[in-house]
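Here's the structure, in structure tokens; my notes come after.
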Amino acid sequence: MITKDNYKKSIKPYQPKPKYFRNCIKAFLIGGLICSIGQGLTVFYMEVFGFTSKEAANPTVATLILIAALLTGFGVYDKIGQFAGAGTAVPVTGFANSITSAAMEHRSEGLVLGVSTNMFKLAGSVIVFGTVAAYIIGVLRYLIQSFL
Amino acid sequence: MKQGKQTWVFDNGVYIKGSATVTGPREKQGPLGQTYDYSFEDLYCGEDTWERAEQALLNKSIDLCLQKAKVRKDAVDLLVSGDLLNQNVTSNYVARDFPSSFLCVFGACSTSMEALAIASSQVDSGNSDVALASTSSHYSTAERQFRYPTEYGGQKPDTQTSTVTGAGAALVQKERSFVQVEAATIGKVVDFSANDPLDMGSAMAPAAADTIVQHLKDMNRQPEEYDMILTGDLSSVGTPIAKKLTYQFGYDIENVHRDCGLMVYNSNQNVFAGGSGCAVSAVVSYGHIMQQLRSGELNKVLIVATGALLSPTIVQQKETIPCIAHGVVLKRVSGS
Amino acid sequence: MIMDFVWAFIVGGAICVIGQLLLDLFKLTPAHVLSSFVVAGAVLDGFNLYDRLIEFAGAGATVPISSFGHTLLHGAMAQAEDHGFVGIAIGIFQLSSAGIASAILFGFIVALIFKPKG
């Protein structure tokens, strides 16, 4: 008997469950692939431009962001994302996609009020939480280092 | 005239003189592709922005409806229209160029039948001679307003539905014609505390069941008296729940029930649980169903359009999703 | 060399699997998942653990968004050594500026050129 009080519980059998295992495998493969491409880029920047492995991290990230932005522009990234789930959301390419997709979506409202204002509507939380967390941990670490 | 608790019976005779449906490209590839009057070849419908594309859909459906009914624009007394966007912009901007009284309605995806019920009651009461009911929705305007940017790569769950790009219009008047609007059951807002905006089928099923049961009670009818009981966009998730709920009230609709959301797309079109949006019930009812009523394959149909009355802002404030469903009975008139 | 790629693949893939489980099992939105990852990256870096992960997995640790938390904290700590508390604010975006700047720039340029396809 489905009633108002037990509704959310009693309709569980009717709701399709996510395919946990399949989704994880897909996320693993695509996420791993993106990181391997990143590894390839790192090696490239180290071999060709003589960067150290630490210095190579920045151009690597920038290159991946460029690729993700272009794939978003061509309307491909959302299709890959539907397949890969967290595999394309968690790497820095997902960050680039959230910025680029929001910017593109709002170009119909102009460059200032549309593109620029809405650019961070999805990615903003990442920057805010990263900054606040890094700040708090930075202060704590500095205090501990200074007084110990 | 009121019958039972929530049902209006149009005793004076209200008839659909003509109707028209317009869709986007993806719907054209669906199983009902041949039944639409016109399908645009791209999602922009020849316009610059998604919002103007939706207006083009609605405009086109109204123009085609008037053409098919052979009624001039200025002969229409009342336009009743609504859509999904904030401030109902699509309908308001289309009505800007329409020379008649205008009532704007919002019932989320139940808007098609809400508009038809209001238009019919106005004709029945004599407040209008000729009234036009229309509605529209567009995949990209809905995604932008309710979910994410269209190019965003987030993974959509299998419970999610895809908004139908399309518009439908129906012209009602007193003059006898091949399809009669017999009655309308106006739903009440039902909230069973579902709160997942990516699973609207589950949220809307109780509202659909409530209206179907109320209608059958008010009219003192059994489900078998209808050739079809058609719900709007319960999708593959909400459909079995709604059937189960109506069964609990003593009505078995298993054999006569269909869901518009499951009729518009093929299973290989990546639409997850099915189609949704204001347009889904409009493009199915005003095209396919009207044609079957005309040809005699159907005689009497109850169309229950279902709407999830959610706003992204309020859902983020942890509110649940209230839902509504409105039913309209369409009947074949023989010998006309 | 080959092993670098293998570990990058495995560790990067594993981090994505954690994200997928947060999405599917705990029904978090992508924004919640990414925010959690960035915070986790900063916390791990607070204990000097993230650097070890990078040494081990290379791009498998620098490409996932959790490394953003790590670079934020690294920049902050580098300046803190020279300028004390003020340095934390000065340095916080220092190392991550390449990522943020290129995301803004490329996002803007792409939005100028391409229309969304729907």
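Taking a cut-off of 30 Å between Cα atoms, list the lysines near B:Lys5, but don't count ones fewer than 8 places away on the same chain.
A:Lys4, A:Lys8, B:Lys17, B:Lys174, B:Lys188, B:Lys217, B:Lys243, B:Lys244, B:Lys300, B:Lys331
Roughly how big is chain B's charge dipole about its Cα centre, with Cβ charges of +1 (Lys, Arg) and -1 (Asp, Glu), in debye to the nearest 20?
580
Rounded to the nearest 0.05, what FRET efficiency do A:Asp5 and C:Leu49 give with R0 = 60 Å and r taken as the Cβ-Cβ distance? Could you check?
Efficiency, rounded to the nearest 0.05: 0.80.
Please report the spacing between the Cα centers of segment B:32-60 and segment A:1-68 in Å, no decimals.
Spelled out, the Cα-based centre of one part sits 35 Å from the other.
Which of the helices in chain B meet the span-like rule: DSSP H, Cα axial reach of 15 Å or more, Kyte-Doolittle mean at least 0.0?
TM-like helix candidates: B:111-125, B:200-219.
Would you mind computing, in nm to one decimal, how far apart the modelled labels at B:Glu297 and C:Asp82 are, each placed 7 Å from Cα along Cα→Cβ?
With each label point 7 Å from Cα toward Cβ, the separation is 7.8 nm.
Using only alpha carbon pairs under 8 Å that are at least six residues apart, calculate the relative contact order of segment C:2-113 and give it in whole percent.
23
Just the number, please: percent antiparallel of the DSSP beta bridges in segment B:179-332, rounded to the nearest 5.
That works out to approximately 70 percent antiparallel.
Read phi for every residue in segment A:22-29 and hand back ³J(HN,Hα) as whole Hz from Karplus 6.51 cos²θ - 1.76 cosθ + 1.60, θ = phi - 60°, with x for Gly and Pro.
Working through the residues one at a time gives 4, 4, 5, 4, 5, 4, 4, 5 Hz.
Between A:Phe74 and B:Thr313, what is the label-point separation in nm under the 7 Å Cα-to-beta-carbon projection?
4.0
Sum -39500 (n - 2.57) across every DSSP H segment of at least 4 residues in chain B, then divide by the residue count to get the 222 nm mean residue ellipticity, nearest 500.
Per the formula, -9500 deg cm²/dmol.
Compute the longest continuous run of chain C that contains no exposed chymotrypsin sites (Phe, Trp or Tyr not before Pro); treat a site as exposed when its DSSP state is not H, G, I, E or B and it has at most 11 other Cβ atoms within 10 Å.
The reported range is C:48-118.
Gaussian network model of chain B, Cα springs within a sub-10 Å range: biggest mean-square fluctuation belongs to which of B:Ala133, B:Ala282, B:Ala95?
B:Ala95
What FRET efficiency would be calculated for the residue pair B:Gln269, A:Lys17, taking the C-beta separation as r and a Förster radius of 22 Å, to the nearest 0.05?
About 0.50, to the nearest 0.05.
Which one, A:Ala89, A:Ala134, A:Ala69, has the greatest fluctuation when you compute a Gaussian network model over chain A with C-alpha springs under 10 angstrom?
Fluctuation is largest for A:Ala134.
Using only Cα atoms, locate the centre of segment B:262-336 and the centre of segment B:75-122, then give the distance between them in Å, rounded to an integer.
That distance is 17 Å.
For segment B:301-308, what does the Karplus curve 6.51 cos²θ - 1.76 cosθ + 1.60, with θ = phi - 60°, yield as ³J(HN,Hα) per residue in whole Hz, taken in order and with x for Gly and Pro?
10, 9, 9, 10, 7, 10, x, 9
How large is the accessible surface of C:Met77 in square angstrom, using a 1.4 angstrom probe and rounding to the nearest 10?
20
Normalised by the residues of chain B, what does the relative contact order come to in percent, with Cα pairs under 8 Å and at least six apart?
Worked out over chain B, it gives 25 percent.
Please report the antiparallel percentage of DSSP beta bridges with both residues in segment B:2-173, rounded to the nearest 5.
60
Just to be sure I understand the model, the point goes 7 Å from the Cα along the line to the Cβ. What's the resulting A:Gln145 to B:Glu225 distance in nm?
Placing both labels 7 Å along Cα→Cβ, they lie 8.2 nm apart.
Compute the label zone of A:Leu111 within segment C:86-118: residues whose backbone N is under 13 Å from the point 7 Å along Cα-to-Cβ.
Backbone N within reach: C:108-113.
Show the residues, 5+ positions off or on another chain, whose built amide H is closer than 5 Å to the amide H of B:His257.
B:Ile229
Distance between the C-alpha centers of segment B:164-210 and segment B:213-235? Whole Å please.
12
Using +1 at the Cβ of each Lys and Arg and -1 at the Cβ of each Asp and Glu in chain B, identify which of B:Val280, B:Tyr36, B:Asn255 lies farthest towards the dipole's positive end.
Result: B:Asn255.
Suppose every Lys and Arg Cβ carries +1 and every Asp and Glu Cβ carries -1, with no other charges. What dipole size does chain C come out with about its Cα centre, to the nearest 20 debye?
I would put it at about 580 debye.
For the protein assembly as shown, with only Lys/Arg (+1) and Asp/Glu (-1) charged at the beta-carbon, what is the dipole magnitude about the Cα centre, in debye rounded to 20?
Charge dipole, the protein assembly as shown, about its Cα centre: 920 debye, nearest 20.
Taking amide H atoms as placed 1.01 Å from N in the peptide plane, list the residues 5 or more away in sequence, or in a different chain, whose amide H sits under 5 Å from that of B:Phe10.
Those qualifying (amide H under 5 Å, at least 5 residues apart or on another chain) are B:Ala183, B:Ala184.
The values are calculated or read from the model by the stated rules, or taken from the named source; none is laboratory data. All values derive from a computational prediction rather than experimental measurement. Ideal geometry is used to build each Cβ from the backbone, glycine not excepted, and the neighbour counts take in all protein chains shown. Side chains included, ligands, DNA and RNA excluded: accessible areas come from the protein's heavy atoms. Shrake-Rupley method; radii C 1.70, N 1.55, O 1.52, S 1.80 Å.
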